[in-house]
Amino acid sequence: MDQKTVKLTAKDYKSDQEVRWCPGCGDFAIMNSIQKAMAELDCPKENVAVISGIGCSSRFPYYMNTYGFHTIHGRAAAIASGVKTANPDLCVWQISGDGDAMAIGGNHFIHTIRRNIDLNMIIFNNEIYGLTKGQYSPTSPFGAVTKSSPFGTVEQPFHPGELVIGAQGKFFARSIDYNVKLSTEIFLEAARHKGTSVVEVLQNCVIYNDACHAMLSDKEEKDNRTIILRHGEPMIFGKEKDMGLILDGLKLRVVKLTPGGFTKDDILVHDAHENNPGIHTMLANMRYPDYPVALGVIRDVTAVTYDQSVVNQIQKVQQSARFTKMQDLLYSGNTWEIKEDK
Amino acid sequence: MSKKDKIVEKEQVVIRFSGDSGDGMQLTGTQFSNTSALFGNDVSTFPDYPAEIRAPQGTVGGVSGFQLHFGHYEVNTPGDYADVLVAMNPAALKANLIWVKRGGTIIINEDAFTEKNLARAGYDFDPIRKHKRDYQFIPAPISTLTKGCLSDFELDNKSILRTKNMFALGMVYWLFDRPLKYTEKFLEEKFAKKPVIVEANKLVLRAGFNFAETIEALPRNYKVAPARIKPGTYRNISGNTATAWGLITAAEKAGLPLFCGSYPITPATEILQELAARKDMGVKTFQAEDEIAGICTAIGAAFAGNLACTTTSGPGLALKTEASGLAVITELPLVIVNVQRGGPSTGLPTKTEQSDLLQALHGRSGEAPLVVIAASTPSNCFDYAFQSARIAVEHMTPVILLTDGFLANGSEPWRLPAEEDYPEIKVPFATPEDENYLPYNRDKETLVREWAIPGMKGLEHRIGGLEKMDGSGNVSYVPENHELMTKYREDKIQKVADRLPEIKIKGDEDADLLVIGWGGTYGHLYSAVKEIRKEGKKVALLHFNHIWPLPKNTNEILAKYDNKVVCELNLGQFAYHLKVNVPNFECEKFNKMQGLPFTIVELKEKFNQLLEKK
């Protein structure tokens with residue numbers, strides 16, 4: 001049967017392994033979204049490689065019916081970089097948690113982004129170490145009381161979007177676990193983007209940090225507390241679609257749309273493709289309650305990728321190379337002959 | 001007296017060039033080595049330089065040296081003591097005088113022997129006056145003559161003085177009756193874009209040559225006839241280049257792309273650099289953000305189906321520890337090259353040592369066996385890099401290749417292999433769409449698993465650092481399964497020995513003393529054994545390249561000899577390794593921890609002592 005004629009569904013991406021996340025864990029919804037997105041993409045299943053580090057989310061590859069590699073703590077980005085550079089034909093997904101990506105793996109995280117290797121990096125952010133049973137992570141808010149900070153943390157958290165943009169990231173998006181439709185849409189855009197696409201998924205840990213994003217998932221209030229950004233559309237949000245963002249001096253400001261007051265024309269239009277990261281950084285850094293939390297694709301800028309540059313460089317050198325075989329290289333340059341004694 | 005009257009035939013000569021680390025002594029030494037090799041001598045070289053790029057000028061700590069040994073018979077070491085020393089300043093003289101043979105020739109740049117420089121080198125007396133009875137000093141106003149030579153050139157003073165190493169080289173060329181043409185050609189190529197620099201250097205080179213001819217002060221003119229070596233095509237090669245080329249050759253033979261993920265570290269960096277330059281061979285190099293990312297990108301590349309390697313030195317190997325365990329449990333092919341240097345910690349970055357042996361063997365969490373191989377000459381780094389890659393791929397395992405600073409930077413003529421001298425490498429690929437494929441099914445003979453790589457249809461599977469179920473590779477916490485898999489991993493490495501060549505002794509079958517060594521000490525041990533046998537004593541050398549698993553006949557050979565000495569540049573790690581693995585193994589030990597190779601003199605002294613004791 002010709003592979004191309006068979007349309008795969010999300011189910012084809014599920015492995016036969018029993019999923020061992022806690023009941024109610026946000027990871028289930030994220031996995032569904034990724035499987036849905038994969039079924040939409042035209043990357044053959046055997047060309048998909050899912051690479052993870054260590055942590056709850058990093059068990060992910062075992063549940064996918066693709067090639068998968070559950071590696072070691074913090075190193076998923078480095079290993080995924082090797083996979084993609086070695087074979088740029090593969091669609092490489094990296095699954096990491098906030099600790100895996102930004103604590104032990106912080107160095108690989110920023111350098112992978114800086115190189116712009118064509119990976120889809122999905123960061124499950126639950127602001128806690130789950131697999132080790134509840135210590136604070138580099139994204140836990142200041143003062144968070146956890147098992148390793150019984151009196152509250154005394155350190156400032158990383159904001160993933162700010163870090164990505166600081167590392168010259170070209171793609172940053174944010175979603176939230178329960179919103180499968182939005183996550184699927186974002187994962188598709190992330191996969192289609194050439195370069196490192198970082199998607200922060202706000203994920204709930206039912207056991208160790210339950211309701212950490214509850215302010216944003218509250219059924220009644222979520223639309224007033226989040227804004228879904230789409231390229232080319234005005235930054236309007238709210239249950240009644242009556243709030244928007246404007247630029248006031250050097251800051252973003254939330255305004256109410258009122259007859260005679262601010263109108264739709266006053267509201268900023270989202271430009272994800274703008275190279276200048278200024279507004280993107282402000283959008284990524286918006287926190288409730290001062291601002292709505294931005295969801296959707298915040299930044300999506302085209303740039304040359306590392307993996308493609310490596311291939312191009314080799315092709316260019318080989319075009320004018322004097323030789324491409326070792327035997328020729330060995331005998332090139334300063335060699336000399338020792339003849340048989342007569 | 002004509003020049004011919006003064007010619008002295010020598011069988012072998014050792015020269016040491018020394019100066020400030022910015023004086024171009026490495027280049028000068030390399031040029032003399034290449035010229036001698038092209039002339040047909042056998043050559044062995046050893047650069048000795050400080051870790052600081054430009055240490056304070058004129059101080060002993062900033063002295064950079066390059067020693068080379070050439071002869072008209074087989075040369076196996078860079079030599080213990082120099083016949084000729086070139087000292088560009090007092091510090092160079094101070095640092096190197098102990099390495100000059102009594103009666104040896106010392107060329108000095110007398111312009112640099114000022115009171116200030118003498119003081120900076122820590123001399124409170126005139127060393128030339130003090131030592132003139134013990135050595136033949138040839139003072140030459142090298143800086144003045146170089147400046148005079150280039151007075152018509154539109155070059156600044158700094159650029160002019162930078163060519164003074166060519167003056168010294170010219171003098172030494174005359175001394176040993178060597179042609180200038182190879183160095184002239186080198187200069188033309190190196191500075192092709194700067195014709196003025198080419199002309200300036202060539203002029204100074206010739207000026208040095210002519211100066212040496214003119215002054216009657218030169219005591220003698222040596223001649224070293226070409227060596228009688230095995231017919232074939234030769235080139236000069238350093239250990240690091242040979243390592244890089246061995247890996248590329250293996251990739252070619254296996255039909256796999258070569259990937260190197262590395263982080264720069266002395267003295268291993270040249271391997272990464274050479275591989276990075278070989279885009280013509282399709283090599284992919286990834287200069288990672290750290291040592292860990294170096295090995296991790298390589299593991300990723302191995303998972304994706306490349307022949308993957310990572311190159312490092314001791315402290316870097318320590319950082320790669322955890323990831324190498326991942327390569328062990330996932331049973332992926334990977335070559336880890338460790339160019340050993342003095343340790344622990346930062347230790348002696350530019351000096352040689354053999355002290356990472358136990359780290360290579362045991363430095364991982366859990367039961368994590370892998371293959372350990374050691375190269376023993378600069379040129380056979382090629383062979384053992386090739387073998388490391390072959391074993392890694394055919395046995396689906398990480399392999400640690402140990403070289404060291406001495407091999408890496410040292411060079412020697414290398415008889416080039418023919419393509420057919422190297423075996424094909426059979427890659428244990430799985431068959432796409434094989435419905436029975438299981439990632440941890442093993443070959444019954446070798447216990448090797450099949451390699452299915454992303455892109456192969458129908459073989460999608462997951463691997464990782466968690467314990468695997470035998471066969472399926474699914475995560476398993478079953479106690480008996482963990483024990484079974486632990487034993488499989490161990491046995492798989494043991495089975496590599498089935499395909500290794502037997503180890504042989506060199507020297508007397510009925511030796512009264514068996515000298516045991518491994519890795520980079522081969523040249524010195526072999527030379528010492530050879531010399532001591534010439535004195536009529538019965539001695540043999542047993543030198544190991546396969547460290548783990550050991551060659552199968554190891555026990556049998558060791559059992560034949562009562563009097564044994566293990567010589568190594570550490571506190572006795574290989575002796576320990578043999579004690580643990582060879583029943584009833586007892587030995588004497590000879591150890592050196594100075595960041596320097598053995599000298600033949602000290603080895604012979606030790607061997608004689610042990611022979612007398614008997």
- prompt: Is there a residue in segment A:276-287 that is over 30 Å from A:F142 (Cα atoms) and either of a type in the set (D, E, K, R) or at pLDDT 95 or above (or both)?
  reply: no
Per-region count, segment B:425-463, residues more than 12 Å from chain A (Cβ to nearest Cβ), touching a helix residue (DSSP H, G or I) at 6+ places or on another chain (Cβ under 6 Å) and among the hydrophobic types (A, V, I, L, M, F, W, C): 3
Where A:M282 falls short, out of the listed (1) assigned to a helix (DSSP H, G or I); (2) free of Cβ contacts under 8 Å to residues at least 40 places away in the same chain; (3) within 7 Å of another protein chain (Cβ to nearest Cβ): (3)
query: Inside segment B:332-386, can you point out the residues that are free of Cβ contacts under 8 Å to residues at least 40 places away in the same chain and over 29 Å from B:G62 (Cα atoms)?
result: B:H362
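Could we say that B:E213 is modelled with pLDDT under 90, assigned by TED's automatic domain parsing to the domain that holds B:Y135, assigned to a helix (DSSP H, G or I) and touching a helix residue (DSSP H, G or I) at 6+ places or on another chain (Cβ under 6 Å) here? Break it down stepwise before answering.
Numbers: modelled with pLDDT under 90: yes; assigned by TED's automatic domain parsing to the domain that holds B:Y135: yes; assigned to a helix (DSSP H, G or I): yes; touching a helix residue (DSSP H, G or I) at 6+ places or on another chain (Cβ under 6 Å): yes.
Answer is yes for this residue.
Condition (residue is in contact with a Ser or Thr (Cβ under 9 Å, 6 or more places away or on another chain) and part of a loop (DSSP other than H, G, I, E, B)) applied to segment A:330-340: is it met by at least one residue?
yes
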- request: Just one of (1) in a loop (DSSP other than H, G, I, E, B); (2) at pLDDT 95 or above; (3) out of contact with any Gly (no Cβ under 9 Å at 6 or more places or on another chain) trips up B:L256, so point out which.
  value: (3)
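A:A78: facing another protein chain (nearest Cβ under 7 Å) and touching a His at 6+ places or on another chain (Cβ under 9 Å), yes or no?
Details: facing another protein chain (nearest Cβ under 7 Å): yes; touching a His at 6+ places or on another chain (Cβ under 9 Å): yes.
For A:A78, the condition - facing another protein chain (nearest Cβ under 7 Å) and touching a His at 6+ places or on another chain (Cβ under 9 Å) - is met.
What's the total number of residues in segment A:232-272 that are part of a strand (DSSP E or B) and either in contact with an Asp or Glu (Cβ under 9 Å, 6 or more places away or on another chain) or among the aliphatic types (A, V, I, L, M) (or both)? Give the steps one after another, and end with the answer.
Going residue by residue through segment A:232-272, those that are part of a strand (DSSP E or B) are A:234, A:236-237, A:243-248, A:251-257, A:262, A:269.
Among the residues that remain, those that are also either in contact with an Asp or Glu (Cβ under 9 Å, 6 or more places away or on another chain) or among the aliphatic types (A, V, I, L, M) (or both) are: A:234, A:236-237, A:243-247, A:252, A:254-257, A:269.
Final tally of qualifying residues: 14.
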message: It is to be established whether one or more residues within segment B:337-355 are outside any loop (DSSP other than H, G, I, E, B), over 18 Å from the mean Cα position of the chain (by Cα) and at pLDDT 95 or above.
response: no
query: Taking only pairs six or more apart or across chains, which ones have beta-carbon atoms under 9 Å, a first residue in segment A:110-137 that is among the small types (G, A, S), and a second residue that is part of a helix (DSSP H, G or I)?
result: A:G130/A:S57; A:G130/A:G99; A:S137/A:D98; A:S137/A:G99; A:S137/A:M102
message: Among the numbered criteria (1) within 14 Å of chain A (Cβ to nearest Cβ); (2) buried (at least 19 other Cβ atoms within 10 Å of the Cβ); (3) not hydroxyl-bearing (S, T, Y), which one does B:E74 miss?
response: (2)
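This table checks each residue for (1) more than 7 Å from every other protein chain (Cβ to nearest Cβ); (2) touching a residue at least 60 places away in the same chain (Cβ under 8 Å); (3) touching a strand residue (DSSP E or B) at 6+ places or on another chain (Cβ under 8 Å).
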residue: B:K279; (1), (2), (3): no, no, no
residue: B:F286; (1), (2), (3): no, no, yes
residue: B:C296; (1), (2), (3): no, no, yes
residue: B:F303; (1), (2), (3): no, yes, yes
residue: B:N306; (1), (2), (3): no, no, yes
residue: B:P315; (1), (2), (3): yes, no, no
residue: B:A318; (1), (2), (3): yes, no, no
message: Return the residues of segment B:564-598 that are buried (at least 18 other Cβ atoms within 10 Å of the Cβ) and among the polar types (S, T, N, Q); say none if nothing qualifies.
response: B:N570, B:Q573
- request: Kindly establish whether B:F39 is touching a residue at least 40 places away in the same chain (Cβ under 8 Å), aromatic (F, W, Y) and out of contact with any strand residue (DSSP E or B) (no Cβ under 6 Å at 6 or more places or on another chain).
  value: yes
- prompt: Residues of segment A:148-164 being buried (at least 18 other Cβ atoms within 10 Å of the Cβ) and assigned to a helix (DSSP H, G or I), which ones?
  reply: A:P160, A:G161, A:L163, A:V164
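One line per residue, one yes/no per condition, for (1) surrounded by 24 or more Cβ atoms within 10 Å (Cβ to Cβ); (2) hydroxyl-bearing (S, T, Y):
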residue: A:K11; (1), (2): no, no
residue: A:R20; (1), (2): no, no
residue: A:C25; (1), (2): no, no
residue: A:S52; (1), (2): yes, yes
residue: A:P61; (1), (2): yes, no
residue: A:A77; (1), (2): yes, no
residue: A:S81; (1), (2): yes, yes
message: Quick check on my filter: what residues within segment A:207-227 are farther than 30 Å from A:I113 by Cα, assigned to a loop (DSSP other than H, G, I, E, B) and in contact (Cβ under 8 Å) with a residue 24 or more places away in the chain?
response: A:I207
task: Confirm whether B:K492 is under 21 Å from A:I79 (Cβ atoms), of a type in the set (K, R) and in contact (Cβ under 8 Å) with a residue 60 or more places away in the chain.
output: no
- prompt: Do we have any residue at all in segment B:404-414 that's away from every other protein chain (no Cβ under 13 Å), farther than 19 Å from B:A327 by Cβ, more than 24 Å from the chain's Cα centre (by Cα) and part of a loop (DSSP other than H, G, I, E, B)?
  reply: no
- request: Inspect segment B:156-168 for any residue being touching an Asp or Glu at 6+ places or on another chain (Cβ under 8 Å) and assigned by TED's automatic domain parsing to the domain that holds B:V60 and give the result as yes or no.
  value: yes
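For the structure I just gave you, tell me whether B:T350 is buried (at least 24 other Cβ atoms within 10 Å of the Cβ) and more than 10 Å from every other protein chain (Cβ to nearest Cβ).
Details: buried (at least 24 other Cβ atoms within 10 Å of the Cβ): no; more than 10 Å from every other protein chain (Cβ to nearest Cβ): yes.
Spelling it out, it is not the case that B:T350 is buried (at least 24 other Cβ atoms within 10 Å of the Cβ) and more than 10 Å from every other protein chain (Cβ to nearest Cβ).
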message: So B:R133 passes all but one of these: (1) in contact (Cβ under 8 Å) with a residue 12 or more places away in the chain; (2) more than 28 Å from B:K202 (Cα to Cα); (3) charged (D, E, K, R). Which condition number does it fail?
response: (1)
- request: Look through segment B:537-563, keep the residues that are of a type outside the set (K, R) and touching a residue at least 60 places away in the same chain (Cβ under 8 Å), and return whichever of them is surrounded by the most Cβ atoms within 10 Å (Cβ to Cβ).
  value: B:V539
- prompt: What residue, of B:I237, B:I229, B:I248, B:I271, is facing chain A (nearest Cβ under 10 Å) and assigned to a helix (DSSP H, G or I)?
  reply: B:I248
query: Does segment B:399-443 hold any residues that are over 30 Å from B:T35 (Cα atoms) and without any contact (Cβ under 8 Å) to a residue 24 or more places away in the chain, and which are they?
result: B:T431, B:E435, B:N436, B:D443
query: Can you tell which of B:G62, B:G71, B:G29 is farther than 23 Å from B:G239 by Cα and small (G, A, S)?
result: B:G62
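Being farther than 26 Å from A:A10 by Cβ, crowded, with 16+ Cβ neighbours inside 10 Å, over 25 Å from the mean Cα position of the chain (by Cα) and not acidic (D, E) is the requirement here; does A:G249 meet it?
Working: farther than 26 Å from A:A10 by Cβ: yes; crowded, with 16+ Cβ neighbours inside 10 Å: no; over 25 Å from the mean Cα position of the chain (by Cα): yes; not acidic (D, E): yes.
No: the conditions fail for A:G249.
The values are calculated or read from the model by the stated rules, or taken from the named source; none is laboratory data. Quantities reported herein were computed from a predicted structural model and do not represent experimental measurements. A quick note on method: Cβ atoms are made from the backbone with ideal geometry, for glycine too, and the neighbour counts reach across all protein chains shown.
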